[in-house]
Amino acid sequence: MDMDIFELMKKGGHEQIIFNYDKETGMRAIIAIHDSTLGQTFGGVRMVNYASMEEALRDAMRLSRAMTYKCAAAEEDKGGAKAVIWGDPERDKNEAFLRAFGRFVEMLKGRFMTGPDLNLTMKEGSIMARECQYIVGRSREEGGSGSSGITTAYGIYVGLTACAKFLWGDENLKGKKIAVQGLGAVGEPLLGHLIEAGMEVVATDANEKTLQRLQKQYGVKTTQPHLVYEVECDIFSPCAVGGILNDQTIPKLKCQLIAGCANNQLEDEERHGKMLQDRGILYAPDFIINAGGVIQVIDEVKGYNPDRLRLKADLIYNRLLQIFEMARREKILPMEAAIRYAESRIREIHKIKRLHVPK
Ligand code: NAI
């Protein structure tokens with residue numbers, strides 16, 4: 001193998017990469033711990049049938065870095081990490097397989113907390129939790145906080161009002177037109193907020209049945225998934241998958257603002273961020289506006305409290321405004337400003353880490 005993992009870690013600023021293999025069930029997982037300066041690390045676990053180990057590793061490394069920034073910017077005392085299980089979500093998972101993953105996480109003794117992400121559900125998280133105390137994103141019946149999509153959607157809505165304030169001088173979203181891509185755990189509750197705010201919504205989803213059901217329920221206009229980029233609107237809200245802001249899609253956009261929940265929306269952070277700016281489109285950095293979910297799972301450890309969660313998610317408003325203003329002042333891209341914002345907090349807290357506090 002000519003891939004130098006240490007070189008990749010050095011470049012990405014990663015602390016630790018753990019390869020986990022269970023001989024009996026064949027469970028293969030990579031846990032990437034990016035930065036634990038701020039404390040115990042948090043990040044979801046996803047299951048994907050990657051084409052290669054390298055693809056799985058790169059995904060874990062990229063996502064764990066975003067988690068460090070997300071937790072730091074959200075003022076949480078948590079670091080960033082991510083786990084990927086390399087396997088076919090349709091075929092490979094069974095009880096022993098999922099519990100094997102739980103055992104590997106338990107071995108880290110709380111250095112890493114995780115919960116179900118892409119292709120894994122709360123039900124499967126609860127199976128992992130039979131072997132492990134460090135699984136969050138649990139159901140209400142099991143003492144957890146339920147779907148994190150609810151707080152994420154609320155945070156997106158709050159973030160949209162901040163973007164409107166910055167861009168149009170008024171946070172009122174009434175009458176603004178928004179195109180929403182993806183109506184899943186976040187997109188669906190988001191629709192409720194948008195309609196309540198009096199916005200004109202055009203929605204799409206790759207799943208035709210979901211689209212039809214929600215069209216009936218909310219009375220929104222719909223479009224085909226491949227046409228969503230061309231919708232003439234004020235706001236485009238990517239709430240499905242990452243990497244959708246790229247060379248092919250950016251030239252098609254007819255909006256002034258991009259603000260949605262999908263992680264890693266920009267295929268290339270710098271180049272595509274610049275392309276958007278050149279086209280006069282404001283980009284709300286994903287890990288700032290979509291922090292509602294991580295805020296919820298971190299808070300879950302203290303016991304579910306919806307009022308406290310809302311108050312914490314409300315802070316996204318000022319945080320976004322601060323970042324947009326920093327970007328304008330320093331003449332940098334909003335994404336760069338968001339990274340500086342998160343990194344400056346990590347640097348600050350790093351200073352006090354030398355003080356030994358006896359336990
Ligand atoms: P989900 O899996 O519940 O929903 C995604 C929806 O998007 C599905 O209905 C799917 O059919 C649709 N979709 C997939 N590809 C599409 C495409 N190309 N065009 C149109 N629709 C498409 O996922 P969830 O939880 O709603 O998350 C959405 C995004 O937000 C993901 O990128 C996720 O990583 C991110 N995110 C989610 C958080 C949460 O609390 N659930 C928190 C922060 C980020």
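The values are calculated or read from the model by the stated rules, or taken from the named source; none is laboratory data. Please read these numbers as outputs of a predicted model, since none were measured by experiment. Backbone-built Cβ (ideal geometry, glycine too); neighbour counts: all protein chains shown. Heavy atoms of the whole protein, side chains included, go into the accessibility calculation; ligands, DNA and RNA do not. Shrake-Rupley method; radii C 1.70, N 1.55, O 1.52, S 1.80 Å.
Within the range 204-228, if we keep just the residues that are within 12 Å of the ligand (Cβ to nearest atom) and in contact with a Leu (Cβ under 6 Å, 6 or more places away or on another chain), the residue that is most open to solvent (accessible area, probe 1.4 Å) turns out to be THR222. The lone criterion from (1) free of Cβ contacts under 8 Å to residues at least 12 places away in the same chain; (2) part of a helix (DSSP H, G or I) left unmet by LEU355 is number (2).
Scanning the range 252-262 for residues that are in contact with a helix residue (DSSP H, G or I) (Cβ under 6 Å, 6 or more places away or on another chain), outside any loop (DSSP other than H, G, I, E, B) and under 21 Å from ALA162 (Cα atoms) yields one hit, LEU257. Being part of a helix (DSSP H, G or I), in contact (Cβ under 8 Å) with a residue 12 or more places away in the chain, more than 26 Å from GLN40 (Cβ to Cβ) and not charged (D, E, K, R): is that true of PHE287 here? Against the criterion (part of a helix (DSSP H, G or I), in contact (Cβ under 8 Å) with a residue 12 or more places away in the chain, more than 26 Å from GLN40 (Cβ to Cβ) and not charged (D, E, K, R)), PHE287 does not qualify.
Considering the range 60-72 alone, what residues qualify as being under 16 Å from ASP286 (Cβ atoms) and either in contact (Cβ under 8 Å) with a residue 60 or more places away in the chain or open to solvent by less than 20 Å² (accessible area, probe 1.4 Å) (or both)? Listed by number, the residues that qualify are ARG62, LEU63, SER64, ALA66, MET67, THR68, TYR69, LYS70, CYS71, ALA72. Residues satisfying the criterion are absent from the range 263-282 (criterion: assigned to a helix (DSSP H, G or I), out of contact with any Leu (no Cβ under 9 Å at 6 or more places or on another chain), touching a residue at least 12 places away in the same chain (Cβ under 8 Å) and of a type outside the set (A, V, I, L, M, F, W, C)).
Can you tell me which residue in the range 235-251 is surrounded by the fewest Cβ atoms within 10 Å (Cβ to Cβ), limited to those that are assigned to a loop (DSSP other than H, G, I, E, B) and among the aliphatic types (A, V, I, L, M)? Walk me through it before giving the result.
At the first step, the residues of the range 235-251 found to be assigned to a loop (DSSP other than H, G, I, E, B) are 239-244, 246-249.
With among the aliphatic types (A, V, I, L, M) added as a condition, the list becomes 240-241, 244.
On the way: ALA240: 22, VAL241: 14, ILE244: 23.
The extreme case among them is VAL241.
Please verify whether GLY125 is free of Cβ contacts under 8 Å to residues at least 24 places away in the same chain and open to solvent by less than 60 Å² (accessible area, probe 1.4 Å), treating the condition exactly as stated. Steps first, please.
Details: free of Cβ contacts under 8 Å to residues at least 24 places away in the same chain: yes; open to solvent by less than 60 Å² (accessible area, probe 1.4 Å): yes.
Yes.
The set of residues in the range 83-109 that are open to solvent by less than 10 Å² (accessible area, probe 1.4 Å), closer than 25 Å to ARG65 by Cα and not aliphatic (A, V, I, L, M) comprises GLY87, PHE101, GLY102.
Restricting to the range 188-203, count the residues that are open to solvent by less than 50 Å² (accessible area, probe 1.4 Å) and either on the phi > 0 side of the Ramachandran plot or not in a helix (DSSP H, G or I) (or both). Give the steps one after another, and end with the answer.
From the range 188-203, those open to solvent by less than 50 Å² (accessible area, probe 1.4 Å) are 188-194, 197-199, 201-203; that's our starting set.
When the remaining residues are screened for being either on the phi > 0 side of the Ramachandran plot or not in a helix (DSSP H, G or I) (or both), the result is 197-199, 201-203.
Total satisfying the criteria: 6.
For the range 289-320, the candidate set comprises residues that are under 20 Å from GLY260 (Cβ atoms) and among the small types (Gly, Ala, Ser); within that set, the residue that is surrounded by the most Cβ atoms within 10 Å (Cβ to Cβ) is ALA291.
Report, by residue number, each residue of the range 19-34 that is part of a strand (DSSP E or B), open to solvent by 30 Å² or more (accessible area, probe 1.4 Å) and either over 25 Å from ARG103 (Cβ atoms) or touching a residue at least 24 places away in the same chain (Cβ under 8 Å) (or both). It would help to see each step written out before you state the result.
Residues of the range 19-34 that are part of a strand (DSSP E or B), as a first pass: 19-21, 28-34.
Restricting the remaining residues to those that are open to solvent by 30 Å² or more (accessible area, probe 1.4 Å) gives 19, 21, 28.
Correct list: ARG28 only.
Restricting the first member to the range 130-141 and to residues that are modelled with pLDDT of 95 or more, and the second to residues that are part of a loop (DSSP other than H, G, I, E, B) and open to solvent by 50 Å² or more (accessible area, probe 1.4 Å), the beta-carbon pairs closer than 9 Å and six or more apart or on different chains are TYR134/GLN40; TYR134/LYS109; TYR134/ARG111; VAL136/VAL301. Checked against the criteria, LEU257 counts as open to solvent by less than 30 Å² (accessible area, probe 1.4 Å) and farther than 30 Å from LEU120 by Cα.
Considering only residues of the range 321-355 that are among the basic types (Lys, Arg) and under 17 Å from ALA74 (Cα atoms), which is surrounded by the fewest Cβ atoms within 10 Å (Cβ to Cβ)? Selected residue: ARG347. Just so you know, in the range 146-180 the residues that are open to solvent by 20 Å² or more (accessible area, probe 1.4 Å) and not in a loop (DSSP other than H, G, I, E, B) include one that is nearest to the ligand (Cβ to nearest atom), and it is ILE150.
Every residue, every condition in (1) more than 15 Å from the chain's Cα centre (by Cα); (2) away from the ligand (no atom under 12 Å from the Cβ); (3) more than 16 Å from ASN264 (Cα to Cα); (4) among the aromatic types (Phe, Trp, Tyr), yes or no:
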{"site": "LEU63", "(1), (2), (3), (4)": "no, no, no, no"}
{"site": "TYR69", "(1), (2), (3), (4)": "no, yes, no, yes"}
{"site": "ALA81", "(1), (2), (3), (4)": "no, yes, no, no"}
{"site": "GLU90", "(1), (2), (3), (4)": "yes, yes, yes, no"}
